[in-house]
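The values are calculated or read from the model by the stated rules, or taken from the named source; none is laboratory data. Nothing here was measured: the structure is a model prediction, and the numbers come from that model. FYI the Cβ positions are ideal-geometry reconstructions off the backbone, even for glycines, and counts take in every protein chain you see. Surface areas here come from the heavy atoms of the whole protein model, side chains and all, with no ligands, DNA or RNA. Shrake-Rupley method; radii C 1.70, N 1.55, O 1.52, S 1.80 Å.
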Amino acid sequence: MEHGAQQELQRRLEVIRPEDTLRGFFFNGALEQVRPLGDPVSWRRCIEAAGGDRFMAFFSYPMDSFIRLLYAAAGVLSEGRGDFRTALWHLGREMVPYYLESSAGQVLLLLARGEPRWLLEGLPSAFRTAVRHGECSVSWLGPNHGRLLFQGCSLPAEYYEGAVRGVFESTRIAQTLVSARQLSLLDTEVEVSWDKERHAAGG
């Protein structure tokens, strides 16, 4: 892991409380990006960071264990394959199918009913069912342009951006632009917009 990322990891760990948790599908999504590499050293590094290699999708596990896993996995994926920040984005995006397979993920899709606005409206509730660490809210900048605000949560902006992008890609309900900005160590905003006419036309 690059030196700056190691320092950032330590800063994030320092602000996590013992009661901060998130669901097991976050762990599964990260580990399944490392497993196919077939590198026993990298695999061991990640399961040691996570505290195990088996996680029940909707059981709660410590946030600090996940942050360690996330940075370890991003370090592994970025070795010879790109930069660390891109790896964080990739890990966020590839977590999404594990969430959408769950009952909570299915409810999110059902309530959205193919509408990007309703999907975005549902993401704060989805966050609350999955993460007990910080808050998520949505505000609207236009009829097809919204902003998610994550407050008090130690996940990095690239991870959020990849996850939000993954939700819209997996549902195939809109051509979207997703852009995240780290406001502070614990605060991130993610802007999401889509082409209303293209969505209405089905492409």
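Projecting the Cα positions of ALA112, ALA73, TRP194 onto the charge dipole of the chain (unit charges on Cβ atoms of Lys, Arg, Asp and Glu, taken about the Cα centre) puts ALA112 furthest along the positive direction.
Note on SER137 and ASP187: the extension gain reaches 16.8 nm, defined as 0.36 nm multiplied by sequence separation minus the Cα-Cα distance.
Two tests apply to each whole DSSP H helix in the chain, Cα reach of 18 Å or more along its axis and mean Kyte-Doolittle hydropathy of at least -0.5, and the ones passing both are 63-78, 84-100, 116-130, 157-171. When nucleic acids and ligands are ignored and a 1.4 Å probe is applied, TRP118 ends up with an accessible area of around 120 Å². Between the listed residues ASN28, ALA180, GLN10, the Cα displaced farthest toward the positive end of the dipole of the chain, a dipole computed from Cβ unit charges relative to the Cα centre, is found at ASN28.
Stokes-Einstein diffusion coefficient for the chain at 4 °C in a medium of 1.567 mPa s, Rh from the Kirkwood formula over Cα pairs: what value in µm²/s?
Working: Rh = 17.2 Å.
D, rounded to a whole number, is 75 µm²/s.
The calculated FRET efficiency for the pair ARG44 and HIS145, based on their C-beta separation and a Förster distance of 45 Å, comes to about 0.50. Computed from point charges on the beta carbon alone (+1 for Lys and Arg, -1 for Asp and Glu), the dipole magnitude for segment 90-141 about its Cα centre is near 60 Debye.
Net charge dipole, segment 29-78: roughly 40 debye, given to the nearest 20, about the Cα centre with Cβ charges of +1 for Lys and Arg and -1 for Asp and Glu.
Amide H to amide H distances under 5 Å link SER154 with no residue, where only residues 5 or more positions off or on other chains count and H is placed in the peptide plane. With protein chains left intact and a 1.4 Å probe, residues in the chain average 49 Å² of accessible area per residue. Rounded to the nearest 20 debye, the dipole size of the chain about its Cα centre is 280 debye, using +1 on the Cβ of Lys and Arg and -1 on the Cβ of Asp and Glu. Measuring r between the beta carbons of ARG35 and GLU121 and using R0 = 45 Å, the FRET efficiency lands at 0.85.
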